[in-house]
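Worksheet: one structure, shown below.
Only the coordinates and a few stated rules stand behind these numbers; no lab work does. As the structure is a computational prediction, the values presented were derived from the model and not from experiment. For neighbour counting, all protein chains shown are included, and Cβ atoms are generated from backbone atoms with ideal geometry for every residue, glycine included.
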Ligand SMILES: Cc1cc2nc3c(=O)[nH]c(=O)nc-3n(C[C@H](O)[C@H](O)[C@H](O)COP(=O)(O)OP(=O)(O)OC[C@H]3O[C@@H](n4cnc5c(N)ncnc54)[C@H](O)[C@@H]3O)c2cc1C
């Protein structure tokens, strides 16, 4: 059974004619996995995109494209039917999708149609000695990192949270093939799209270059002014750990981590954050991490390049004061 399945497929997320960046992240991982298998990286594209060659520049060997503007994840029955046909025709041994709203909607339905399992929200993926996909994700509320393999069933399916995997640099010299497929699909007509309403997020953590994050070391919501002010002085944005969201201090848009947003800023400052697995999973892409914590044994110091063992209520107002003075001095020099 296993020998009939071959290659790694990425299910592309298409939003209003454009590829979502999670597609490039998954292709980067698929490329890496395939370097251990020596098979083929597919990208399954369903819907309508302006340039179906684009996935090739991010690592796909073959783009299988079903062009149909009527096909949308908002009509999941038809959409999944098409994907199922593609999987059964090309028989990839591994099928990856994003753990976005789109992926959560589509991928479990696809797994059920294919009568196989799926591991949701993986934080990493690998290939074992037998060529099986190793699906890695926190389990038991983060106490263990589970490694899940599916030795008997094909395809092996997993979703990955956006922002965790690194895309390959876009390279137009990469070669590949676009295969156009027509899939006859029965329109059930049981979903009617009446209106599309854009949800505006309050903060764009995924794209932020500098993030100052606050954790449970902050005693009350009013104290968040320190994280906001420091972020503003550094030209960044504020993030938080999950307990502050659960307590209703700020909206989920601000949450960094496994069940929030995975971030990849140039600078990440974690203040009063212990460094749980779920939080740290979301900051793996950060280039430099600075931690402020009064506990010298806090796990956040294991991932930080710079650490301050200090009470945030002493340290942060002083840092804000110094940066504010520097800013005023700079402004005075520029406008004497
Ligand atoms: C399924 C699941 C998903 C989850 N997803 C996420 C997620 O996406 N993001 C996330 O953040 N969490 C997530 N969590 C929660 C996670 O397990 C932790 O509970 C959470 O990250 C802890 O937040 P914290 O570090 O702010 O709080 P704590 O762990 O309570 O740490 C507070 C820290 O502040 C320090 N501190 C206290 N006072 C001061 C002071 N005055 N000055 C300096 N330091 C001080 C303490 O020493 C401590 O280290 C998830 C949990 C589960 C089960």
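For the stretch 126-194 versus the stretch 288-330, the inter-centroid distance based on Cα atoms is 39 Å.
On the beta carbon distance between residue 195 and residue 232, with R0 = 41 Å, the FRET formula returns roughly 0.70. Taking square-rooted eigenvalues a ≥ b ≥ c of the alpha carbon gyration tensor, is the stretch 1-82 rounded, prolate or oblate, where a/c under 1.5 means rounded and, failing that, a/b exceeding b/c means prolate? Oblate shape, in that a/c is at least 1.5 and b/c is the bigger or equal ratio.
Quick one: among 78, 32, 182, which has the greatest mean-square fluctuation in a GNM of the chain with alpha-carbon springs under 10 angstrom? Highest fluctuation of the listed residues: 182. Helical content of the chain, expressed as a calculated mean residue ellipticity at 222 nm, amounts to -8500 deg cm²/dmol (DSSP H runs of 4 or more residues, -39,500 (n - 2.57) each, divided by residue number, nearest 500). Multiplying the residue separation of residue 143 and residue 323 by 0.36 nm and subtracting their alpha-carbon distance yields 60.9 nm. Taking the convex hull of the alpha carbon positions in the stretch 210-334 and averaging its projected area over all directions gives 7.5 nm². In this simple spin-label approximation, residue 89 and residue 171 carry label points 7 Å from Cα along the Cα→Cβ vector, and these lie 2.9 nm apart.
DSSP beta bridges in the chain, what fraction antiparallel, as a percent rounded to 5? Before the final figure, lay out the partial values.
Working: 11 of 56 bridges.
If we restrict to bridges inside the chain, about 20 percent are antiparallel.
Kirkwood radius, the stretch 122-166, all distinct C-alpha pairs, inverse of mean reciprocal distance: 11.3 Å.
May I ask for the distance between the Cα centers of the stretch 195-271 and the stretch 105-120, given as a whole number of Å? About 32 Å separates the Cα centre of the stretch 195-271 from the one of the stretch 105-120. Shape verdict for the chain, please, from the Cα gyration tensor: rounded (a/c under 1.5), prolate (a/b greater than b/c) or oblate. It comes out prolate by the Cα gyration axes. With the chain treated as a Gaussian network of Cα nodes joined by springs under 10 Å, which of 283, 179, 118 yields the largest mean-square fluctuation? In the Gaussian network model the winner is 179. Relative to the dominant Cα principal axis of the chain, helix 76-90 is inclined by about 70°.
Helix 225-234: angle to the longest alpha-carbon principal axis of the chain, degrees 0 to 90, nearest 10? Result, in degrees: 80. DSSP assigns beta bridges within the stretch 2-180; of those with both partners inside it, close to 30 percent run antiparallel. Kirkwood radius for the stretch 2-180, taken over all pairs of different Cα atoms as the inverse mean of 1/r, rounds to 16.0 Å. Principal-axis analysis of the Cα atoms of the chain puts helix 21-37 at an angle of about 60° to the longest axis.
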